[in-house]
Structures are given as C-alpha cells and as structure tokens.
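Presented below is the structure to which this report refers.
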Amino acid sequence: MSLQLSFIQIFISHIKREFLINFRSLVDVISIISFMILIVTLFILGIGPFEEKLRLISNAIFWIGLILAIIPSLEKTLQRDYDNGWLDQSITSPTPMELILLSKSLAYWLIVIIPLVISLPLFIVLLNINLKLIPWLLISILVGGLSISLIGIIGSALTLGAKRGNILLPILIIPLIIPILIFGVGISETVRINESPIGNLFLLIGFTLIYLVISPFISAFLIRIAISR
Amino acid sequence: MLYLQDVTIKRGSKIVFYNWNARIKNSKITIISGKNGVGKSTLLRAIAGMIPLEQGIVKNYNNEIFKDKIKWGQNLIYIDSKSGLSRDLTVYENLKTWSQMKGWNTSDNDLQKALESVDMLNYKNLYVSQCSEGLKKRAALSRLYLSLLFNIEFWLLDEPTNELDQKSIILFNKLIQRFLENKGTVLLACHELKLFDFNYELLNLDLLKK
C-alpha cells in the first residue's frame, strides 16, 4: 500500500493544521504583537524626548523588540504537540519527521510574520523610522523571521520534556539569533547612511539558508530522543 | 508472524527486556498483560518504533521492520493514553489532519463513517478541549475504522478500553472483529481480559520475565 497523498499535499495539510490551531485562538498572535509594542514603548519612554538619540538606535530597538517578543511563544510550538501525543503519532506515521518540522517552522513563520507586517506602520510611527527604510525593513523581517522560527524549532525540540524549558530556551537560542540581529540591523543602518545594504542582506539570506537546511534534521533528531525517553 | 529476536530494550538507564524472544501471531489478537511497570507500554512503544532497540531485531515474516520506517509507518496504528488530539481543533478536524498525516486520501464520507463507527457523529463539531476523557478516547479510536479502509496490518493499542463505557466497548469489539476478519493483527496491552469476546493469545510478561 503506497501513500495516496504526495509529500507536498501532506506538507500543505500540516501548514493548514497549524494555521487552524493558531488562528482559532488568537491569544498567541496578539500576545506577540502587544509584547513587542510594550518593549518598544518602554525603550522610547526610557530614552526620553531626544529625537537625535532615538534616530541612532531605533533599528536596534525594533530588532530587539522583535526577538524578545517572539521567544516566549517559541516553546509552545512543539511542547503542545508533545504533551497531547501528536508527535508520537507523527513518528509512527509514514511522513518523515523532517518534513513535518519544516512545515511547522514555515507555518510558524507565516503566523508570526503576517500580523507583524500588518502592525509595521505602528512601529514606524513609534520609532520615527525613515520612510526610505520601509522596503528594506520589510525584506529583512521576512528573511530574519524565517531564521528565527527555524532556530526556534531547534530550541523548542531541545527543551521538550525539560521542567524549566521556558527559562532554558532563550539561553540556548539567543546565541544562534545573534547573526540575524547583526545583519538585520546592518541592513537598516547601511540604508540610513546611504550605502548599499546588499552585502548585509546576502549574509542574512545566507544564514537563513543554512538554518533552513540544518534545522529540520537537528530538531527531528532531538524529537526522536525526547520521545524515546 | 512478528518475531522479536534477542531483543534488549532500555528505558532510561533501566533494562526492561534483556535478550528476549517472542512471537506474535498474525491475524490474531494478542493481549499483553502483566502488573504495572513490567514493561507493557515500553514493549508497544518499541515495536511501534518510538524506543530504539539496544540490541536484537524485530521481523515481520522476513522483513526487518525498522529498516524501512516509512513502510512500517504505513503498516501500523499506535494509540495510547495520549491520543494526539489537539485541543483547539474539533473532533472532525483532528481525524482529518491525522489521516492526512498518514498519507491517506480520505473522503468526507469516510470520515463521517469512521466517527459513526464509535458513535461520535453527534460530537463531530465539538472542540476537543470540551470533550470528556471517554469522548477523547472514542475520537482516537475512530482512526481504527479508517485503517480498515486502507489495509493497515497492525494495531498497537495501549490500554484502549480505559475510559470507555459499556456501549463503546461493544463498538470497539466490533471494530476488532472486522479487523481480524481482514487478516489484521492486534497487539493490545490491557488489564481486564474479560472485556473481549474473542479467542485471544495471551502474552503474560509477569511469567515470561521469571
């Protein structure tokens, strides 16, 4: 008996499942955006009414806010399916675990990135970001967001079944996110001083591609260990 | 026939089975019994491929089952107390996404019939977060009906009757009956043997380990 659905169809059905689960209760999505707004607002209030200061660090604030807002929700991506036994079912199904995890990280990327792009105008106003930066900012959060969700899946797989996973996870994955932060901010900064951001963009894309290749394999390996315990 | 040859299974640092041999007959129902903690679930999880064997092989006739995990995945259904139902989806959506993961092209009609086979059609659009434990178990067991349509060979069930009421147990027995008629093999861990009205093979781990 061979598979009736192709891997592509299975892949799409998994993405649909993630969307159903996450958009049915919008709590996770809203919490990411509102958390990011809070972080950015705190920075702005902390800096005080100095436009010059804000202009120098607004890109960094945006990226740090993005990373800090996404991290708390990363743990749940796999933990939920581990607790209810879905991962057990995945491992005893003919679909390769790697494919399931790739679809999970892509779905998570879309789930986080769509509301973020919608709320981008708000951050542009809050942080007084130059309008010529907008297309570059959009590209860099699209690419960087994919990286973060791919790394997040590794972290989430690593802390499966750990008692203090929510504390362990940021410690484990923030070092991996550092290149994304550097090149993400680099893109915006080079545009701000009127230079070409292509170099930074390529490096960001390069890192994302590396993570895209290794993340499903590493996290599938980690999940097999977590399930065999 | 499923042969376990010189199987050693470890759970953490504890050796649960050591150089152990067993045979599980095809087209029969084999009930694994034994006291708590003797290794019933571990055995089922190992055969399902979740716990890697330290040593030894498991053969289905002449094929080593773990050599081709994709093929083995097409051949079995594993259900335990954690049934893999997502709280935020309805009973119907859960069954649908699960069958897609198995790679099956199920029609709406198949899914309806599957839910009907465990008397869950009335609860089709109920969210799993609102289901009682018994309803959840029945929703998970509805997968067994689907497997009848797609030529699955093995059912590995870990205490499937735990939360079921009288009527559901009768329905469950009917499903097993149909599966055995289709030359299916059931491997079932359970304490209450009187629930099943078939000739079953008994694999008593208490006796085997002494």
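The numbers here are math on the coordinates, done by the rules we state, and not lab data. Remember, predicted model here, so these are calculated numbers, not experimental data. Neighbour counts are summed over all protein chains in view; Cβ atoms, including those assigned to glycine, are modelled from backbone coordinates with ideal geometry.
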(message) For segment A:72-111 and segment A:138-183, what is the centre-to-centre distance using only Cα atoms, to the nearest Å?
(response) 15 Å
(message) Sort B:MET1, A:MET36, B:MET50 by Cβ crowding within 10 Å, fewest neighbours at the top.
(response) B:MET1, B:MET50, A:MET36
(request) With springs connecting C-alpha atoms under 10 Å apart, model chain B as a Gaussian network and identify which of B:ILE57, B:ILE29, B:ILE47 has the largest mean-square fluctuation. (result) B:ILE57
(request) Could you tell me how many degrees, from 0 to 90 and to the nearest 10, lie between the Cα long axis of helix A:97-118 and the main elongation axis, the longest principal axis, of the Cα atoms of chain A? (result) 30 degrees
(request) Return the single residue from B:ARG45, B:ARG23, B:ARG143 with maximal mean-square fluctuation; model: Gaussian network over chain B, springs between Cα atoms under 10 Å. (result) B:ARG23
(message) Distances longer than 21 Å among the Cα atoms of chain A: what percent of all pairs is that?
(response) 57 percent
(message) Suppose the chain between B:LEU207 and B:PHE66 were pulled fully straight at 0.36 nm per residue; how much longer would it get relative to their current alpha carbon spacing?
(response) 48.0 nm
(request) Among A:ASN84, A:ASN59, A:ASN200, determine the one that fluctuates most according to a GNM of chain A built with springs between C-alpha atoms less than 10 Å apart. (result) A:ASN84
(request) For a footprinting-style exposure proxy, rank A:HIS14, B:HIS191 by other Cβ within 10 Å, fewest first. (result) B:HIS191, A:HIS14
(request) Report the paramagnetic label zone for A:SER34: residues of segment A:72-91 whose backbone N is under 16 Å from a point 7 Å from Cα along the Cα-to-Cβ axis. (result) A:72-73
(request) Please give the length that would be gained between B:LEU149 and B:ILE15 if that part of the chain were fully extended, namely 0.36 nm times their separation in residues minus their C-alpha to C-alpha distance (nm, one decimal). (result) 44.4 nm
(message) What do you get for the angle between helix A:134-158 and the principal long axis of chain A? Use alpha-carbon atoms, 0 to 90 degrees, nearest ten.
(response) 40 degrees
(request) Grab the beta carbon distance between B:SER107 and B:ILE57, set R0 = 35 Å, and tell me the FRET efficiency rounded to 0.05. (result) 0.35
(message) For a Förster distance of 25 Å, can you work out the FRET efficiency between the beta-carbons of A:GLU98 and B:PHE198, rounded to the nearest 0.05?
(response) 0.05
(request) Kindly state, to the nearest 0.05, the FRET efficiency for B:ASN125 paired with B:GLN166, given R0 = 22 Å and r defined as their beta-carbon distance. (result) 0.30
(request) Report, to the nearest 10°, how far helix B:133-149 tilts away from the longest principal axis of the Cα atoms in chain B, using its own Cα long axis and a range of 0 to 90°. (result) 80 degrees
